[in-house]
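Values quoted throughout were computed directly from the atomic coordinates according to the rules given, and no laboratory measurement underlies them. No experiment lies behind these values; they were computed from the predicted model shown.
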Amino acid sequence: MGQRKKYSDEQLLQELRREGVDIASYEQLFHRYYPMVFNFVNAMVKNPVVAEDIAQNSFMKLWLNRMSLQPALSVTNYLCVIARNEAINYLRSAHSRNVELAVQQDVQQEEPTADDWLSFAETNTLLRNNIEALPPQRRTIFKMSRYEHMSNMEIAVKLNLSVRTIEKHIELALKDLRRSMS
């Protein structure tokens with residue numbers, strides 16, 4: 001069994017374009033560039049099974065478009081462009097499927113039960129009681145911040161206090177509420 005002659009990329013492309021092509025030219029290109037294409041795609045998709053499919057599809061496109069290939073063309077560039085486009089299409093498709101699944105999961109979530117509402121009501125009542133138990137100035141500042149959605153600067157101006165004092169009261173109120181709710 002003799003060894004096959006090694007051809008340049010340009011010669012292999014010329015062979016691919018001939019009528020009655022010898023499949024050996026294609027096989028030579030495949031064996032020469034498949035590892036590079038596979039590694040290139042795998043770096044993008046981070047999944048060897050998908051990378052293998054995309055790499056094989058890239059070579060299939062090379063085969064299907066062999067009659068329009070230019071012999072002076074860089075095979076490496078051609079295969080990388082095909083593989084990159086295939087990988088991008090896969091990633092877009094995978095992203096779309098993930099978004100659809102997330103939307104379906106959101107839609108399929110069950111409505112809150114009576115127990116959920118009761119638990120929420122109890123927690124809310126406990127929180128309100130704990131807010132009312134805060135020292136008067138801290139309680140006022142906290143309510144202005146959280147319920148009236150005022151900025152620290154607005155509260156400081158309204159109560160004639162420094163912004164730092166407002167920040168400290170909110171910090172202490174949150175600390176007190178965390179402690180009393182746990």
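Extension gain for Ala94 to Glu171 (0.36 nm times residue separation, less C-alpha to C-alpha distance): 23.4 nm. Straight-line cross-link partners of Lys175 among the lysines, defined as a Cα under 25 Å from its Cα and at least 8 positions apart when in the same chain: Lys143, Lys158.
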